[in-house]
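The values are calculated or read from the model by the stated rules, or taken from the named source; none is laboratory data. Worth saying up front: this structure is predicted, and the values here are computed from it rather than measured. As a convention, Cβ positions derive from the backbone with ideal geometry for all residues, glycine included, and neighbour counts pool all protein chains shown.
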Amino acid sequence: MFPWYSSAMLILESSSVVGLRLTKLTRGGSEAGDEANLMVTEKIAAAFEAVETLLTGGGLSIVIDRYREHVTANATRLAG
């Protein structure tokens, strides 16, 4: 069964992080460059983690819940 609620929440939470990141990136400077590098590194790491979870028998709901944890951590870091 597809995890509809978790997926919807991931979309909403991710939108918030996108906004926070765009704000940081538009300010420019070294912090913007650091954020861009971190963003790419995190995306690659999360993709590898998701593939590993699926290949070892984990379900889609586990992957989505883990992505939500990453998004929450980013929202907390960027808002602070």
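Please enumerate the residues belonging to region 1-46 that are in contact (Cβ under 8 Å) with a residue 60 or more places away in the chain and either not in a helix (DSSP H, G or I) or not aliphatic (A, V, I, L, M) (or both).
Restricting attention to region 1-46, the residues satisfying the condition of being in contact (Cβ under 8 Å) with a residue 60 or more places away in the chain are 3, 6, 10, 13, 17.
Matches in region 1-46: P3, S6, E13.
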*Can you tell me which of R27, R77 is basic (K, R) and surrounded by fewer than 11 Cβ atoms within 10 Å (Cβ to Cβ)?*
R27
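Take the conditions within 25 Å of F2 (Cβ to Cβ), touching a helix residue (DSSP H, G or I) at 6+ places or on another chain (Cβ under 7 Å) and either at pLDDT below 95 or of a type in the set (G, A, S) (or both) and apply them to A32. Does it pass?
On the way: within 25 Å of F2 (Cβ to Cβ): no; touching a helix residue (DSSP H, G or I) at 6+ places or on another chain (Cβ under 7 Å): yes; either at pLDDT below 95 or of a type in the set (G, A, S) (or both): yes.
No, not satisfied.
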*asked:* Checking R66 against (1) buried (at least 16 other Cβ atoms within 10 Å of the Cβ); (2) in contact with a Ser or Thr (Cβ under 8 Å, 6 or more places away or on another chain), only one condition comes out false. Which one?
replied: (1)
*Quick one: S61 ticks every box in (1) within 12 Å of the chain's Cα centre (by Cα); (2) surrounded by 11 or more Cβ atoms within 10 Å (Cβ to Cβ) bar one, so which box is it?*
(1)
